[in-house]
Amino acid sequence: MNEPSNNLKLITLEYVYDPEFYFVNFQETKFDTDSRLNENHPTRNELLYTMYWLEWKGFVLRKQPYMDTKKTYFITDKGKLLYQQLKKSEHL
């Protein structure tokens, strides 16, 4: 797998951090619409690819959804460090 851009990693990790976001949200057509209307917004395929890459590298962890939420992806300690690094570099 090729490594996604830092921008894609940051955007995807922001979704993982969002307590209201769960994996099925990627099936919503808004992701296709957002990428067509804003060239800086990643496509659904780019987000999915990045999510799988982050999981493969240990930055996020996939678990069975909890009964009270549908959330399946969670950020690991390694992922939190990456997120902090990406946020810092975003402001340089």
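Checked against (1) surrounded by 15 or more Cβ atoms within 10 Å (Cβ to Cβ); (2) modelled with pLDDT under 80, Asn38 passes all but condition (1). When the residues of the range 41-92 are filtered to those that are at pLDDT 80 or above and of a type in the set (Ser, Thr, Tyr), which remaining residue is surrounded by the most Cβ atoms within 10 Å (Cβ to Cβ)? The residue in question is Thr50. Taking the criterion of being surrounded by fewer than 15 Cβ atoms within 10 Å (Cβ to Cβ), part of a helix (DSSP H, G or I) and either modelled with pLDDT of 80 or more or of a type in the set (A, V, I, L, M, F, W, C) (or both), would at least one residue in the range 8-16 satisfy it? Within the range 8-16, one or more residues are surrounded by fewer than 15 Cβ atoms within 10 Å (Cβ to Cβ), part of a helix (DSSP H, G or I) and either modelled with pLDDT of 80 or more or of a type in the set (A, V, I, L, M, F, W, C) (or both).
The values are calculated or read from the model by the stated rules, or taken from the named source; none is laboratory data. For clarity, every value in this text was computed on a predicted model and none was experimentally measured. Backbone-built Cβ (ideal geometry, glycine too); neighbour counts: all protein chains shown.
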